[in-house]
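Below are the structure tokens for one structure; questions will follow.
Just so it is clear, none of the values below were taken in a lab; they were calculated from the coordinates. These figures come from a predicted structure and were not determined experimentally. Positions of Cβ are backbone-derived with ideal geometry, glycine not excepted, and every protein chain shown enters the neighbour counts.
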Amino acid sequence: MNQRPNSLHAADIAYTMHPYTNMRLHEEKGPMIMSHGDGAKVYDTEGKEYYEALAGLWSVAVGFSENRLADVAYEQLKKLPYYHTFAHKSHEPSIRLAEKLVEMTPEGLNKVFFTNSGSEANDTVVKMVWFLNNGLGRPEKKKFLSRNKAYHGITIASGSLTGLPANQKDFDLPAIPVTHLTTPHYWKFAEEGETEEQFTARLLKELEDTILAEGPETIGAFIGEPVMGAGGVMVPPEGYWPGVAEICKKYDILLVADEVINGFGRTGKPFGCERFGFTPDILVTSKQLTSSYMPLAAIVVNDKVYDAIADNTAKLGTFGHGFTGSGHPVACAVGLENLKIIEEKDLMGNAERLEPMFQDGLRKFADHPLVGEVRGVGLIAGVELAKNRDTREAFEPAGSMAAKVVALCAEEGLIVRNVYETVAFCPPLIVTEDDLTEILARFGRALDRALDWAK
Ligand code: PLP
């Protein structure tokens with residue numbers, strides 16, 4: 001009989017297939033194994049301390065040691081560990097969390113549907129849009145509009161909405177009708193001599209031209225992250241979102257705000273759509289909804305969407321969609337307590353208050369020889385590295401410098417994430433000024449060390 005590996009490290013290599021990982025490289029390199037967390041920090045099994053400046057996966061708003069969430073989960077596990085929400089069944093945690101979400105999200109968003117993940121939520125949105133348009137007798141109104149570099153998840157439909165090559169190549173995606181438009185990122189995609197205003201106008205024209213070319217009667221919805229996250233933290237130019245909302249309204253196209261990262265204060269306002277001045281028909285949240293202590297996502301829709309879906313369920317006899325875990329009581333109880341903590345500790349206000357210090361602190365690196373652009377709002381930011389800032393020429397091979405900087409950050413005790421050429425920051429909302437000072441210092445040291453490496 002084969003001997004079982006006798007270290008966690010070897011067992012990980014032996015038994016685990018990791019998401020978003022070069023598996024052959026992993027066999028050589030092995031895992032970084034996390035042991036525990038404390039506030040904005042995590043510790044690996046070697047005892048090394050790291051500031052978690054990506055909040056896990058853009059998600060742990062309340063930090064890594066919030067006992068109130070552990071207690072509430074334990075109490076719910078003892079009282080009603082599981083029940084579903086199919087066929088008129090319900091339970092208090094999902095009812096109270098839905099009520100809370102309607103209260104917190106912008107005016108007009110009135111009904112909530114729960115899923116386990118952001119990807120499932122966006123798949124559900126696709127099916128809702130198809131279902132309601134079939135119900136309204138317009139079966140051709142099915143296409144989605146998205147953007148290059150968008151991230152909406154990895155399931156068949158949500159992975160089709162995503163606009164990143166790694167999520168589509170060799171997965172036979174996109175598999176649903178979707179058109180990807182230009183990424184609203186001025187520094188990267190502006191044409192020679194184009195002002196930001198002209199750039200916005202060009203993107204809005206592209207949107208309207210696309211709708212007219214494909215036929216407004218064929219387009220069901222436009223989906224976008226207010227600030228694009230996993231594609232590299234791209235902040236839209238002034239006027240972009242109000243313009244998109246106006247065009248969608250003009251052609252009766254539903255507007256979906258994917259706030260899986262943006263939601264609950266990340267951008268310095270409760271929701272990204274509020275920061276950028278638009279109201280969606282459908283708003284998708286996850287991540288900071290439970291601080292990722294439990295898997296949960298929520299879709300919040302307006303009356304127009306709800307009524308069209310509800311009418312069709314009356315016609316067909318049911319909404320033939322839902323997950324075993326839709327509105328899971330433990331996840332919802334944790335979500336509710338997490339939102340209470342966010343409110344009681346005014347963590348959304350904390351993000352707004354710390355924005356100048358954090359964003360200005362990062363912008364001090366804008367003149368660093370390795371940096372092309374620093375961008376961000378609230379407590380989310382991206383530092384894009386470039387060989388030549390003026391021509392936007394990237395380092396070769398693509399993404400190698402950001403990967404190096406991120407590896408050096410880890411040596412300095414800082415976890416951040418490389419997304420192509422960009423180093424992404426998204427610290428827990430509980431961070432203090434002192435935490436941010438230390439995060440910026442560790443990043444600065446890593447950047448300087450990368451400069452030596454680049455020579
Ligand atoms: N939408 C956005 C904006 C995201 O950032 C993510 C995940 O990073 C998703 C959807 C997918 O969520 P999940 O990983 O829970 O499926």
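How much of the pair distance distribution for segment 390-454 lies past 15 Å, counting alpha-carbon pairs only, in percent? Kindly include the intermediate steps, with their values, before the conclusion.
Values: 1105 of 2080 pairs.
The share of Cα pairs beyond 15 Å in segment 390-454 comes to 53 percent.
Per residue of segment 84-90, in order, report the coupling 6.51 cos²θ - 1.76 cosθ + 1.60 (Karplus, θ = phi - 60°) as ³J(HN,Hα) in whole Hz, putting x for Gly and Pro.
Those phi angles translate into 9, 10, 6, 6, 6, 6, 7 Hz.
Amide H to amide H under 5 Å from GLY39: which residues, 5+ apart in sequence or cross-chain, H placed 1.01 Å off N in plane?
Counting only residues 5 or more places away or on other chains, the set is PHE64, SER65.
For a test of the definition: using alpha carbon positions, the gyration tensor, and the 1.5 limit on a/c, classify segment 273-324 as rounded, prolate or oblate. Mind dumping the intermediate values first?
Working: a/c = 5.56, a/b = 1.33, b/c = 4.19.
Since a/c reaches 1.5 but b/c is at least a/b, the shape of segment 273-324 is classed as oblate.
Suppose the chain between LYS364 and GLU411 were pulled fully straight at 0.36 nm per residue; how much longer would it get relative to their current alpha carbon spacing? Working shown, then result.
Numbers: separation 47, 0.36 × 47 = 16.92 nm, distance 2.18 nm.
Residue separation times 0.36 nm, minus the Cα-Cα distance, leaves 14.7 nm.
Please arrange MET357, MET294 by how many other C-beta atoms lie within 10 Å of their C-beta, fewest to most.
Values: MET357 13, MET294 21.
By the 10 Å Cβ count, ascending, the order reads MET357, MET294.
Given Cα pairs under 8 Å that are at least 6 residues apart, what percent is the relative contact order of segment 165-300?
Reported relative contact order: 19 percent.
State, to one decimal in nm, how far the label point of LEU212 lies from the label point of ASP448, with both points 7 Å from Cα in the Cβ direction.
5.6 nm
What 222 nm value per residue comes from the helices of the chain, counting each DSSP H run with n ≥ 4 as -39,500 (n - 2.57) and dividing by all residues, nearest 500 deg cm²/dmol?
Working: 16 runs with 189 residues, N = 455.
Taken over the chain, the calculation gives -13000 deg cm²/dmol.
Placing +1 at every Lys and Arg Cβ and -1 at every Asp and Glu Cβ, with all other atoms neutral, what dipole size does the chain have around its Cα centre, in debye to the nearest 20? Each step should come with its number before you reach the end.
Details: 46 positive and 63 negative charges, 196 e Å.
The dipole magnitude comes to about 940 debye.
Rounded, prolate or oblate: pick one for segment 134-208, where a ≥ b ≥ c are the square roots of the eigenvalues of its C-alpha gyration tensor, a/c under 1.5 means rounded, and failing that, prolate if a/b is larger than b/c, else oblate. Before the final figure, lay out the partial values.
Working: a/c = 3.55, a/b = 1.46, b/c = 2.42.
Since a/c reaches 1.5 but b/c is at least a/b, the shape of segment 134-208 is classed as oblate.
Name all residues of segment 292-320 having a backbone nitrogen under 16 Å from the label point set 7 Å from the Cα of ALA87 along its Cα→Cβ direction, giving them as ranges.
317-320
What is the sum of charges around GLY118, taking Lys and Arg as +1, Asp and Glu as -1, for the other residues whose C-beta is under 13 Å from the C-beta of GLY118?
Values: positive: LYS287; negative: GLU120, ASP123, GLU225, ASP258, GLU259.
Net charge in that neighbourhood comes out at -4.
Same structure again: Compute, for segment 385-455, the length of the dipole vector about the Cα centre, with Cβ point charges of +1 (Lys, Arg) and -1 (Asp, Glu) only. Units Debye, rounded to 20.
Values: 9 positive and 12 negative charges, 59 e Å.
Here segment 385-455 has a charge dipole of around 280 debye.
Further question on the same structure: Round to the nearest 0.05 the FRET efficiency obtained for GLU28 and ILE95 when R0 = 60 Å and r is the Cβ-Cβ distance.
Details: r = 50 Å, r/R0 = 0.84.
FRET efficiency, GLU28 to ILE95: 0.75.
Can you tell me the relative contact order of segment 1-151? Whole percent, Cα pairs under 8 Å, sequence separation 6 or more.
Relative contact order comes out at 9 percent.
Rounded, prolate or oblate: pick one for the chain, where a ≥ b ≥ c are the square roots of the eigenvalues of its C-alpha gyration tensor, a/c under 1.5 means rounded, and failing that, prolate if a/b is larger than b/c, else oblate. Before the final figure, lay out the partial values.
On the way: a/c = 1.58, a/b = 1.16, b/c = 1.36.
Because a/c hits 1.5 or more and a/b fails to exceed b/c, the chain counts as oblate.
Work out from phi, with θ = phi - 60° and the Karplus expression 6.51 cos²θ - 1.76 cosθ + 1.60, the ³J(HN,Hα) of each residue of segment 221-229, listed in order in whole Hz, and give x for Gly and Pro.
Values per residue, Gly and Pro as x: 7, 10, 10, x, 7, x, 9, 6, x Hz.
Could you work out the local net charge near GLU225, counting Lys and Arg as +1, Asp and Glu as -1, over the other residues with Cβ closer than 15 Å to its Cβ? All intermediate terms of the calculation are to be shown ahead of the outcome.
Values: positive: ARG147, LYS149, ARG266, LYS269, ARG275, LYS287, ARG375; negative: ASP258, GLU259, GLU274.
After counting each charged neighbour, the total is +4.
Now a separate question. Which whole-Hz ³J(HN,Hα) couplings does segment 281-292 yield from phi under the Karplus relation 6.51 cos²θ - 1.76 cosθ + 1.60, θ = phi - 60°, glycine and proline marked x?
7, 9, 10, 10, 10, 6, 6, 5, 4, 10, 6, 6
Which one of PHE144, ILE13, MET357 is farthest out on the positive end of the charge dipole of the chain, using unit charges on Cβ (Lys, Arg +1; Asp, Glu -1) and the Cα centre as origin?
Most positive-ward Cα: ILE13.
I would also like to ask the following. Lys/Arg Cβ at +1, Asp/Glu Cβ at -1, dipole of segment 358-444 taken about the Cα centre: which of GLY382, SER400, GLY413 is farthest positive-ward?
Positive-most Cα among the choices belongs to SER400.
Let me ask something additional. Which pairs in the list LYS287/LYS455; LYS143/LYS404; LYS249/LYS340; LYS149/LYS269 are over 31 Å apart, alpha-carbon to alpha-carbon? Display every interim value, and only then the final one.
Working: LYS287/LYS455 39 Å; LYS143/LYS404 40 Å; LYS249/LYS340 34 Å; LYS149/LYS269 23 Å.
Beyond 31 Å: LYS287/LYS455; LYS143/LYS404; LYS249/LYS340.
If you put +1 on each Lys and Arg Cβ and -1 on each Asp and Glu Cβ, how big is the dipole of segment 348-404 around its Cα centre, in Debye rounded to 20? Mind dumping the intermediate values first?
Details: 8 positive and 9 negative charges, 20 e Å.
It comes to approximately 100 debye.
How far apart, in nm, are two points set 7 Å out from the Cα along the Cα-to-Cβ line at ASP434 and at LYS78?
Output for this residue pair reads 3.5 nm.
Now for a different question. Can you give me the long-range amide H partners of THR115? Hydrogens built in the peptide plane at 1.01 Å from N, cutoff under 5 Å, separation of 5 or more residues or another chain.
HN-HN under 5 Å from THR115: ALA297, ALA298, ILE299, GLY327.
Check GLY163: other-chain or 5+ apart residues with amide H under 5 Å from its amide H, H built from backbone geometry?
Residues meeting the criterion, in which the H sits 1.01 Å from N, are LYS149, ALA150, TYR151, HIS152.
Need one number: nm distance between label points at ASP307 and ALA175, each 7 Å from Cα along Cα→Cβ, rounded to one decimal.
Here the answer is 3.5 nm between the modelled labels.
Tally the DSSP beta bridges in the chain and give the antiparallel ones as a percent, rounded to 5. The partial results should precede the final answer.
On the way: 32 of 48 bridges.
So the antiparallel bridges in the chain amount to around 65 percent.
Going by Cα centres, segment 270-324 and segment 379-424 are how many Å apart?
So the two Cα centres are separated by 34 Å.
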